[in-house]
Amino acid sequence: MSESSLLLASRSMLVRDLTLAMRRKADVLTTLFFFLIVVSLFPLGVGPQMEMLRGIAPGVIWVAALLASMLSLGRLFSDDYQDGTLEQILLEPHPLSVLVLSKVLAHWLLSGLPLVIFSPLLAMQLGLDGEAIVLLLITLMLGTPALSLIGAVGAALTLGLRGGGVLISLLVLPLYIPILIFGAGAVESQNAGLGAQAHLSILGAFLMLTLVFAPISTATALRISMD
Amino acid sequence: MGFKNSVIWLYFSSPRNFYPFAGKLIPWFGWLAAVLMIIGLYIGFFVAPPVLSDQKEYYVIIFIHVPAAWMSMFIYIIMSLYAFIALVWNIKMSEMMATALAPTGAMFTFLALWTGALWGRPSWGAYWVWDARLTSELILLFLYIGFMSLQSAIDDPRRAARASGLLAVVGAINVPIIYFSVRWWNTLHQGFSVQPAQTQQLMDPSIKWGMLILALAFWMYTIAVVLYRVRTIILERERQTTWVQELVSSKS
């Protein structure tokens with residue numbers, strides 16, 4: 001196997017997943033609207049005082065992004081599993097972890113990136129100022145790919161199980177906690193005058209770690225599930 | 001020597017050989033657990049001083065709380081080690097041990113949280129504070145519950161054991177990351193931090209001994225219960241084999 005054929009395989013995997021998603025736009029939009037609705041529920045629940053909303057805004061947006069990203073995980077492998085494509089992918093002569101990485105990238109482009117793009121709008125609604133919004137955008141940009149990568153392990157483990165959707169949240173949410181802490185903490189740390197440099201570095205480190213280990217674990221999990 | 005040892009380990013990695021061996025070990029560990037627990041509780045209730053620095057009698061919950069918290073973390077490490085061995089070397093017995101350890105680990109985690117809440121009320125004035133150690137213990141409970149629910153959601157026992165084993169290994173990598181994140185999160189919020197440093201200096205040796213003996217008792221209890229549970233799992237998963245069928249028919 002030459003190197004170029006691996007690149008070709010992973011690129012066609014990415015293009016295929018994106019094309020399939022574009023044919024069913026509703027799936028992508030559902031995740032985005034879920035994110036928008038959850039964030040809009042918070043002012044209704046805790047009251048419209050701008051001071052308080054500003055305080056909880058980074059946390060609210062982050063928790064909503066976490067839930068939205070998790071909800072769309074179910075589709076990551078299940079369609080391919082049901083129509084038998086996944087078995088073909090497993091039989092490919094290419095490393096499964098690289099192909100998994102393209103699938104996860106497609107998942108992030110479809111469910112993570114839209115959230116990142118729309119988050120400034122929500123942040124403005126919750127009363128954050130310009131500097132905080134930019135910072136929040138950067139943390140989401142660094143954090144949401146890591147969420148997709150960790151989530152892929154859970155999606156692969158719960159493949160084809162009854163009640164997989166609820167189960168996946170139980171498996172994945174505890175593992176999301178570090179990313180939530182540093183993602184939401186960055187804005188608060190900036191406001192406290194401590195600077196967000198450390199938070200951003202750690203988020204970047206998480207992304208690098210998950211980029212290396214998550215595809216391998218996901219590939220192992222897929223092999224276990226398809227055994 | 002090394003060769004001989006590895007042969008012994010391979011011998012017991014077969015469920016058929018391990019089943020009677022575990023059966024012989026259970027009473028030993030069971031009785032050890034009972035005796036140590038009585039000694040430990042006696043020290044706790046009658047030997048240890050009634051006051052620990054600024055805390056009154058209620059502090060004696062330390063004798064259950066601290067060993068339970070130790071065991072909750074220790075069992076998770078052992079469980080993920082077994083899961084790792086099972087994944088890498090494909091040893092069935094190791095899978096079953098990981099499965100058998102999880103409920104006991106979850107029980108100790110719950111016990112540590114519950115006794116912690118009861119202890120927190122009189123000493124801090126609240127059942128629950130978002131302290132770093134409390135929060136990470138709670139997350140540990142979630143990890144145990146995730147492990148057990150994944151296991152019970154999969155019908156095929158082989159896939160169940162392997163999938164939850166992988167989850168345990170991934171979780172074990174995450175445990176230190178979660179712990180340090182939560183600690184940092186806590187200091188950023190300048191939350192309630194309980195430093196037992198001064199308390200430890202004033203601690204009476206009998207308290208330390210009571211805690212150690214009870215930790216040992218919990219350990220022996222864990223071994224006894226886990227061996228009992230693993231015997232049941234062996235019977236369940238090996239029920240098609242002739243030796244299990246012979247065993248069952250000879251008993252009935």
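The values are calculated or read from the model by the stated rules, or taken from the named source; none is laboratory data. Just so you know, these numbers come straight off a predicted model, no measurement behind them. As a convention, Cβ positions derive from the backbone with ideal geometry for all residues, glycine included, and neighbour counts pool all protein chains shown.
Figures for the structure shown
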{"read-out": "Hits in the range A:184-227 - residues which are part of a loop (DSSP other than H, G, I, E, B), within 10 Å of chain B (Cβ to nearest Cβ) and in contact with a Gly (Cβ under 9 Å, 6 or more places away or on another chain)", "value": "none"}
{"read-out": "Test: residue in the range B:30-37 that is part of a helix (DSSP H, G or I) and modelled with pLDDT under 90", "value": "no"}
{"read-out": "B:ILE85 being without any contact (Cβ under 8 Å) to a residue 24 or more places away in the chain, touching a Ser or Thr at 6+ places or on another chain (Cβ under 9 Å) and either buried (at least 21 other Cβ atoms within 10 Å of the Cβ) or within 14 Å of chain A (Cβ to nearest Cβ) (or both)", "value": "no"}
{"read-out": "The one condition in (1) part of a helix (DSSP H, G or I); (2) surrounded by fewer than 17 Cβ atoms within 10 Å (Cβ to Cβ); (3) not β-branched (Val, Ile, Thr) that B:TRP130 fails to fulfil", "value": "(1)"}
{"read-out": "Test: residue in the range A:88-99 that is at pLDDT 85 or above and under 26 Å from A:SER201 (Cα atoms)", "value": "yes"}
{"read-out": "Candidates A:LEU122, A:LEU147 - the one that is touching a helix residue (DSSP H, G or I) at 6+ places or on another chain (Cβ under 8 Å) and crowded, with 24+ Cβ neighbours inside 10 Å", "value": "A:LEU147"}
{"read-out": "Qualifying residue in the range A:147-160 (condition: β-branched (Val, Ile, Thr), assigned to a loop (DSSP other than H, G, I, E, B) and closer than 15 Å to B:LEU150 by Cβ)", "value": "yes"}
{"read-out": "Some residue of the range B:46-64 being assigned to a helix (DSSP H, G or I), of a type outside the set (Gly, Ala, Ser), under 30 Å from B:LEU166 (Cα atoms) and within 16 Å of the chain's Cα centre (by Cα)", "value": "no"}
{"read-out": "Selection from the range A:88-116 of residues that are within 17 Å of A:SER72 (Cα to Cα) and β-branched (Val, Ile, Thr)", "value": "A:VAL100, A:VAL104, A:VAL116"}
{"read-out": "Qualifying residue in the range A:146-166 (condition: without any contact (Cβ under 8 Å) to a residue 40 or more places away in the chain, away from chain B (no Cβ under 12 Å) and out of contact with any Ser or Thr (no Cβ under 7 Å at 6 or more places or on another chain))", "value": "no"}
{"read-out": "Per-region count, the range B:140-163, residues farther than 21 Å from B:ALA112 by Cα and either touching a strand residue (DSSP E or B) at 6+ places or on another chain (Cβ under 9 Å) or more than 8 Å from chain A (Cβ to nearest Cβ) (or both)", "value": "7"}
{"read-out": "Subset of the range B:154-170 that is within 18 Å of A:GLY165 (Cβ to Cβ) and at pLDDT below 90 - its residue that is surrounded by the fewest Cβ atoms within 10 Å (Cβ to Cβ)", "value": "B:ASP155"}
{"read-out": "Enumeration of residues in the range B:50-69 that are crowded, with 18+ Cβ neighbours inside 10 Å and in contact (Cβ under 8 Å) with a residue 60 or more places away in the chain", "value": "B:LEU52, B:TYR59, B:ILE62, B:PHE63, B:ILE64, B:VAL66, B:PRO67, B:ALA68, B:ALA69"}
{"read-out": "Answer residue from the range B:123-139, given it is of a type in the set (Ser, Thr, Tyr) and away from chain A (no Cβ under 14 Å) and is farthest from B:PHE110 (Cα to Cα) among those", "value": "B:SER123"}
